[in-house]
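> I'd like to ask you about the structure that follows.
Any read-out appearing in this document is the output of simple, stated calculations on the displayed coordinates, not a laboratory observation. The shown structure was predicted, so the numbers you read here are calculated from the model rather than taken from an experiment. Note that each Cβ is placed from the backbone with ideal geometry, even for glycine, and that neighbours are counted across all protein chains shown.
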Amino acid sequence: MIKYIEHTPSADEFNYLTNSVGWGCRKNSIVEEALRNTLYSLCVFDDNKLIGYGRIIGDKTIFLYIQDIMVIPPYQNKHIGTKIMENLLSKIEIYKKINPNIRTYLGASKGKESFYNKFGFISRPNEDLGPGMVLY
């Protein structure tokens with residue numbers, strides 16, 4: 001039975017998911033710090049097995065970022081990622097009560113842009129916004 005639960009995974013669980021989706025692993029101490037600084041975490045379980053995850057980071061008033069939408073391969077294409085996004089967007093609606101103009105960003109994995117488009121996310125650059133950028 002699939003359950004969506006507000007819960008923070010352990011570093012080992014998080015690394016299991018990132019490795020399962022091809023993103024590799026990080027040192028547990030780094031993952032633990034990242035998860036401590038997360039505003040909202042949503043885990044997806046099939047019985048007691050962690051199969052998916054998504055989180056929100058940001059300052060709760062001006063800026064939010066949807067991060068780490070992951071579903072392990074055997075469970076992909078079963079609308080689990082869609083339900084994760086729906087849950088996260090519901091939480092964002094609560095933050096919008098503080099500031100209706102809060103901006104929510106995300107970085108789509110290459111080839112996954114159309115998944116996020118159906119939730120209203122737009123690609124940058126466009127006529128109003130410059131390109132998203134990253135510093136490595």
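> Can Ser90 be described as part of a loop (DSSP other than H, G, I, E, B), within 20 Å of Arg55 (Cβ to Cβ) and of a type in the set (Gly, Ala, Ser)?
Values: part of a loop (DSSP other than H, G, I, E, B): no; within 20 Å of Arg55 (Cβ to Cβ): yes; of a type in the set (Gly, Ala, Ser): yes.
Taking the combined requirement at face value, the residue does not satisfy it.
> Scanning region 1-22 for residues that are part of a loop (DSSP other than H, G, I, E, B) and free of Cβ contacts under 8 Å to residues at least 40 places away in the same chain, which turns out farthest from Lys96 (Cα to Cα)?
Step one: of region 1-22, the residues part of a loop (DSSP other than H, G, I, E, B) are 1, 7-10, 21-22.
Remaining after also requiring free of Cβ contacts under 8 Å to residues at least 40 places away in the same chain: 7-8, 10, 22.
Numbers: His7: 22, Thr8: 23, Ser10: 29, Gly22: 33 Å.
So the residue we want is Gly22.
> Scanning region 31-62 for residues that are basic (Lys, Arg) and exposed (fewer than 12 other Cβ atoms within 10 Å of the Cβ), which turns out farthest from Thr104 (Cα to Cα)? Spell out the reasoning first.
Our first condition is that a residue be basic (Lys, Arg); within region 31-62, this holds for 36, 49, 55, 60.
When the remaining residues are screened for being exposed (fewer than 12 other Cβ atoms within 10 Å of the Cβ), the result is 36, 49.
Values: Arg36: 20, Lys49: 30 Å.
So the residue we want is Lys49.
> If you don't mind, another one. Under 9 Å between Cβ atoms, which residue pairs at least 6 apart in sequence (or on different chains) link something in region 27-40 that is farther than 8 Å from Ala11 by Cα with a partner that is in a helix (DSSP H, G or I) and of a type in the set (Val, Ile, Thr)?
Filtered contacts from region 27-40: Tyr40/Ile92.
> Now a separate question. For a quick check of your reading of the model, give me the residue pairs whose first member lies in region 67-92 and is without any contact (Cβ under 8 Å) to a residue 40 or more places away in the chain, whose second is not in a strand (DSSP E or B), with beta-carbon atoms closer than 7 Å and at least 6 apart or on different chains.
Ile69/Gly81; Ile69/Ile84; Ile69/Met85; Gly81/Phe115; Met85/Phe119; Leu89/Phe119
> On to the next question. Would you tally the residues in region 14-44 being more than 25 Å from His79 (Cα to Cα) and in contact with a strand residue (DSSP E or B) (Cβ under 9 Å, 6 or more places away or on another chain)?
Looking only at that region, the number is 2.
> While we're on this one: Consider Thr18 carefully, then state whether it is hydroxyl-bearing (Ser, Thr, Tyr) and out of contact with any Cys (no Cβ under 8 Å at 6 or more places or on another chain). Before the answer, list the steps.
On the way: hydroxyl-bearing (Ser, Thr, Tyr): yes; out of contact with any Cys (no Cβ under 8 Å at 6 or more places or on another chain): no.
In short, no.
> Restricting attention to region 93-133, report how many residues are outside any loop (DSSP other than H, G, I, E, B) and within 28 Å of Gly24 (Cα to Cα).
Total satisfying the criteria: 8.
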